[in-house]
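Single-structure report; data block below.
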Amino acid sequence: MPLLMDRSVLILGGTAEGRTLATALAESGPPAFRVISSLAGRTREPLRPPGEVRIGGFGGVDGLVHYLRAERIDVLVDATHPFAERISAHAAAASAATGLPLLVVRRPGWTERPGDDWRRVPSLAAAAALLPRLGRRVFLTTGRQGLAAFAGTDECWFLARSVEPPGPPLPRHLEVLLDRGPFTVDGELRLLRDHRIDVLVSKDSGGADGKLAAARERRIPVVLIDRPPPPPAATTVDSVEAALARLTAVR
Ligand code: NAP
């Protein structure tokens, strides 16, 4: 097949979905896709998907528009984390400015199951305000950038898990666990037991997750932070399979 038939896809990633989609597209064809994955550069040793990888911000909507034009991108895929609100808004604005199709891949949020004791809150600040009434030994899985919201919650002790070390402001009583998922239910159960955790805080990220199953089993309350609103007016799918079907259908 002539190279001229290749279509260039820019995947805004930093998620398992972004990597899986890049892998599937890189292996699909003919005609082949030119796949570029974009990562924000938050972690020092990111998991690199196959294909081309670029790292770092674009410099706002204008920078993204410039990049899309310079690299002759045909399709923009937003496979970023459901809580990465800014880059998703930029992707929507850049798609509107260039007329390029935008496909959003968003895994579904979690739904409560029998045995769960969840409190849904709209923000990290609301989670921090609620915590002292629920427990004193908190497992915090909201990522290092969210720790500042808990800096004034002195009544609680926190075990915070993140890929990279967090920076100030930090909670006064804090232990940091540097680790990267996926995590098993057994491992999470051990962690809850060893640290005598009595409440879990998580974003409603969706996807496979051992910590929620472990909290259910140990009857520990969970404070779940609601997702921000999805990006406006884009074609949205809830799985990599559906994204792949869309992309290969228009090839
Ligand atoms: P954000 O607040 O939505 O974005 C902040 C800025 O970071 C953007 O304006 C953009 O800079 C840059 N950026 C973000 N994602 C990018 C990407 N994939 N490629 C190039 N630049 C990107 O993002 P965030 O919440 O800090 O998340 C950063 C990355 O981590 C995302 O890619 C996301 O998928 C991943 N992640 C986030 C979370 C979370 O809880 N937020 C969890 C797991 C993984 P410019 O304006 O300069 O272009």
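Summary of computed values
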{"item": "Filter result (within 14 Å of the ligand (Cβ to nearest atom), in contact with a Phe, Trp or Tyr (Cβ under 9 Å, 6 or more places away or on another chain) and closer than 16 Å to Glu112 by Cβ) within segment 216-239", "result": "Leu224, Ile225, Arg227"}
{"item": "Any pair with Cβ under 6 angstrom, 6 or more apart, that starts in segment 196-221 at a residue that is touching a residue at least 40 places away in the same chain (Cβ under 8 Å) and under 14 Å from Asp186 (Cβ atoms) and ends at one that is among the polar types (S, T, N, Q) and surrounded by fewer than 21 Cβ atoms within 10 Å (Cβ to Cβ)", "result": "none"}
{"item": "Checking Ala128 against (1) more than 22 Å from Arg7 (Cα to Cα); (2) within 13 Å of the ligand (Cβ to nearest atom), the condition it does not meet", "result": "(2)"}
{"item": "Residue count for segment 163-184, restricted to those that are closer than 19 Å to Gly206 by Cβ and either over 22 Å from the mean Cα position of the chain (by Cα) or at pLDDT 95 or above (or both)", "result": "2"}
{"item": "The one condition in (1) small (Gly, Ala, Ser); (2) farther than 23 Å from Val9 by Cα; (3) open to solvent by 60 Å² or more (accessible area, probe 1.4 Å) that Gly135 fails to fulfil", "result": "(3)"}
{"item": "Residue count, segment 4-41 (criterion: assigned to a helix (DSSP H, G or I), loosely packed, with under 15 Cβ neighbours inside 10 Å and either in contact (Cβ under 8 Å) with a residue 24 or more places away in the chain or touching a Gly at 6+ places or on another chain (Cβ under 7 Å) (or both))", "result": "1"}
{"item": "Check on Ala213, away from the ligand (no atom under 16 Å from the Cβ), closer than 24 Å to Pro82 by Cα, part of a helix (DSSP H, G or I) and open to solvent by less than 30 Å² (accessible area, probe 1.4 Å)", "result": "yes"}
{"item": "Segment 42-88 - residue that is open to solvent by 60 Å² or more (accessible area, probe 1.4 Å) and of a type in the set (Gly, Ala, Ser) and, of those, nearest to Val237 (Cα to Cα)", "result": "Gly57"}
{"item": "Top-ranked residue of segment 70-103 - restricted to ones that are within 8 Å of the ligand (Cβ to nearest atom) and closer than 12 Å to Gly18 by Cβ, ranked as nearest to the chain's Cα centre (by Cα)", "result": "His81"}
{"item": "Residues of segment 50-69 classified as modelled with pLDDT of 95 or more and either near the ligand (Cβ under 8 Å from one of its atoms) or over 21 Å from Ala92 (Cβ atoms) (or both), total", "result": "12"}
{"item": "Inter-residue pairs, beta-carbon under 9 Å, first assigned by TED's automatic domain parsing to the domain that holds Phe158 and more than 16 Å from Leu178 (Cα to Cα) and in segment 127-144, second among the hydroxyl-bearing types (Ser, Thr, Tyr) and within 16 Å of the ligand (Cβ to nearest atom), 6+ apart", "result": "Ala127/Thr142"}
{"item": "Single match in Leu147, Leu189, Leu159, Leu170 (criterion: of a type outside the set (Gly, Ala, Ser), touching a Phe, Trp or Tyr at 6+ places or on another chain (Cβ under 9 Å), free of Cβ contacts under 8 Å to residues at least 40 places away in the same chain and in a helix (DSSP H, G or I))", "result": "Leu147"}
{"item": "The listed residue being at pLDDT below 95 and of a type outside the set (Gly, Ala, Ser), out of Asp209, Asp194, Asp226", "result": "Asp209"}
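The values are calculated or read from the model by the stated rules, or taken from the named source; none is laboratory data. No experiment lies behind these values; they were computed from the predicted model shown. Counting neighbours? That spans all protein chains shown, and the Cβs are built from the backbone with ideal geometry, glycine included. The accessibility values were calculated without ligands, DNA or RNA, using every heavy atom of the protein model including side chains. Shrake-Rupley method; radii C 1.70, N 1.55, O 1.52, S 1.80 Å.
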